[in-house]
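S.K.: This is the structure, below, for whatever I ask next.
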Amino acid sequence: MDKFGQVATAFVWGGILMRYETKPLLVVGLFWKAACCALFGRLQEQPVTVVMQVLMLAAKLGMGVTEALVSVWATVWVQRNAPPDARA
């Protein structure tokens, strides 16, 4: 589910990163990822029910959304800071 979130939101993050300052977005993304990972870990300790499974999938989706932010930002950062003759 995290890879689905990553693919589904990559284009959205591209547009957001072009409009807004990147540092606050990355900070929020980092804390959101930490919260999703902590939630996923806590949910694994609970008895398995349908509700717990749905919540675990939602936590994995949240992880993927923040991974997309970092993946898109990393590509943009490399392209921006690479020497002109090494850019794609």
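The values are calculated or read from the model by the stated rules, or taken from the named source; none is laboratory data. Quick caveat, the model's predicted, so the values are computed rather than measured. Please note: Cβ atoms are built from the backbone with ideal geometry, for glycine as well, and neighbour counts cover all protein chains shown. The protein model used for the area step is the full one, side chains on, heavy atoms only, and it has no ligands, DNA or RNA in it. Shrake-Rupley method; radii C 1.70, N 1.55, O 1.52, S 1.80 Å.
S.K.: Search segment 37-46 for residues being modelled with pLDDT of 90 or more and either farther than 19 Å from Phe4 by Cβ or under 10 Å from the mean Cα position of the chain (by Cα) (or both), and hand back the single one that is most open to solvent (accessible area, probe 1.4 Å).
M.R.: Only one residue fits best here, namely Arg42.
S.K.: If you don't mind, another one. What is the residue count in segment 13-34 for residues that are surrounded by 12 or more Cβ atoms within 10 Å (Cβ to Cβ) and out of contact with any helix residue (DSSP H, G or I) (no Cβ under 8 Å at 6 or more places or on another chain)? Steps first, please.
M.R.: Step one: list which residues in segment 13-34 are surrounded by 12 or more Cβ atoms within 10 Å (Cβ to Cβ), which gives 13-14, 16-17, 22, 25-26, 28-30, 32-34.
Narrowing further to those that are out of contact with any helix residue (DSSP H, G or I) (no Cβ under 8 Å at 6 or more places or on another chain): 28, 34.
Residues that pass the stated criteria total 2.
S.K.: Now, a different point. Select from segment 45-57 the residues that are in a helix (DSSP H, G or I) and in contact with a helix residue (DSSP H, G or I) (Cβ under 7 Å, 6 or more places away or on another chain) and list them in ascending order.
M.R.: If we filter segment 45-57 for residues that are in a helix (DSSP H, G or I), which is where we start, we get 50-57.
Across segment 45-57, the qualifying residues are Met52, Leu55, Met56.
S.K.: Take Lys60 and tell me if it is in a helix (DSSP H, G or I) and in contact with a Cys (Cβ under 9 Å, 6 or more places away or on another chain). Outline the logic, then answer.
M.R.: On the way: in a helix (DSSP H, G or I): yes; in contact with a Cys (Cβ under 9 Å, 6 or more places away or on another chain): yes.
Against the criterion (in a helix (DSSP H, G or I) and in contact with a Cys (Cβ under 9 Å, 6 or more places away or on another chain)), Lys60 qualifies.
S.K.: If you don't mind, another one. Quick one: count up the residues across segment 14-37 that are under 17 Å from Lys60 (Cβ atoms) and either in contact with a Leu (Cβ under 7 Å, 6 or more places away or on another chain) or not in a helix (DSSP H, G or I) (or both).
M.R.: The number of residues fulfilling the criteria is 1.
S.K.: Just name the residue that is modelled with the highest pLDDT out of those in segment 1-11 that are farther than 16 Å from Ala74 by Cβ and exposed (fewer than 14 other Cβ atoms within 10 Å of the Cβ).
M.R.: The initial filter retains those residues of segment 1-11 that are farther than 16 Å from Ala74 by Cβ, namely 1-5, 8.
Next, only the ones that are exposed (fewer than 14 other Cβ atoms within 10 Å of the Cβ) stay: 3-4, 8.
Details: Lys3: 71, Phe4: 76, Ala8: 82.
Checking each candidate, the answer is Ala8.
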